[in-house]
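The values are calculated or read from the model by the stated rules, or taken from the named source; none is laboratory data. Worth saying up front: this structure is predicted, and the values here are computed from it rather than measured. Note that each Cβ is placed from the backbone with ideal geometry, even for glycine, and that neighbours are counted across all protein chains shown.
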Amino acid sequence: KGPDPDLVAIAERMATVKHKILVLSGKGGVGKSTFSAQLSFALAEKDHQVGLLDIDICGPSIPKMLGLEGQDIHQSNLGWSPIYVESNLGVMSIGFMLPNPDDAVIWRGPRKNGLIKQFLKDVDWGEIDYLVVDAPPGTSDEHISIVQYLQATEVYGAIIVTTPQQVSLIDVRKEINFCKKVGVPVLGVVENMSGLRQPFSDLKFMKPGAAGETDATEWAMNYIKENAPELLSVVACSEVFDSSRGGAEKMCHEMGVPFLGKVPMDPQLCKAAEEGRSCFADQRCSASAPALKSIIDKL
Ligand code: ADP
């Protein structure tokens, strides 16, 4: 039996991609797609040629996070053309193929695997420095297949995104073990939503009362302006999730993988993601953008 023709085709296609980075998470909703999107923006802003491949087949959020909702994919004789945000940042997502963004994708394993294979084989990325792959959460069929397919070529490494709670960290341990088992180097773990940081001046104040809460923001802000104006320039922080057991950093230490850093919960980052923008050029993202930048600079 000769070599698998699909694997040969994938290896040929991937020959023009210098580094493949997998972005993984144990659970959904921890910020994996947000990180993949901002990582791609950051690499492109450093003048690299970047591709972003979204294979989170059940919940493709990359088109929205890159400001590309409602776009259609075009085919040329070289394959499927990515949709370009900038001339050096191309994107491919299952989301572009759904006639209606509200359609739930409820495909079973073989069909999902077939599509992933096609994504790896048929997208015309051209010569690129980085391919960022936003993988589905968990260690499911899709992971095993993408890793198997990508093993036809060398994977630069995986970044695992988590939140600080134990329930998310337990799944990260599984994800790290999965990478070790299949031989994908773990570039490191990012602890996202690591506390809430918000400029004091953006806070809302609610006053509890018998009839429910009422908005007391105007009253509180006037009070602060008169009595303690210096508070307006501080950043309010809240732990939100219980990280008393050491969070991701301690787990990385125990498992012998690099800890890349913490990104706080930042309403402005969420807004940038909703609007499909890079957070790095946005002054309002001052709570999260420097943290993301220092993580990305370590890669
Ligand atoms: P996942 O890909 O892990 O399912 P997403 O990246 O889709 O998670 O993030 C889930 C939601 O949380 C999105 O609305 C996203 O904008 C928001 N989010 C992610 N990280 C942060 C953060 N650090 N601060 C604020 N909102 C965030």
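Some observations on this one:
- Residue 224 falls short on exactly one of the conditions (1) in the same structural domain as residue 136 (by TED's automatic domain parsing); (2) buried (at least 16 other Cβ atoms within 10 Å of the Cβ), and that condition is (1).
- Counting the residues of the stretch 148-167 that are modelled with pLDDT of 80 or more and either crowded, with 21+ Cβ neighbours inside 10 Å or not assigned by TED's automatic domain parsing to the domain that holds residue 26 (or both) gives 9.
- Matching residues in the stretch 275-286 - criterion: being loosely packed, with under 13 Cβ neighbours inside 10 Å, modelled with pLDDT under 95 and under 20 Å from the mean Cα position of the chain (by Cα): 281
- In the stretch 238-274, the residues that are part of a loop (DSSP other than H, G, I, E, B), within 16 Å of the ligand (Cβ to nearest atom) and surrounded by fewer than 20 Cβ atoms within 10 Å (Cβ to Cβ): 239, 240, 241
- Residue 49 meets the conditions (1) surrounded by fewer than 23 Cβ atoms within 10 Å (Cβ to Cβ); (2) at pLDDT 95 or above; (3) closer than 23 Å to residue 143 by Cβ; (4) among the polar types (S, T, N, Q) in every case but one. The failed one is (3).
- Residues considered: 39, 7, 24, 43. Of these, the only one that is more than 17 Å from residue 160 (Cα to Cα) and under 17 Å from the mean Cα position of the chain (by Cα) is 43.
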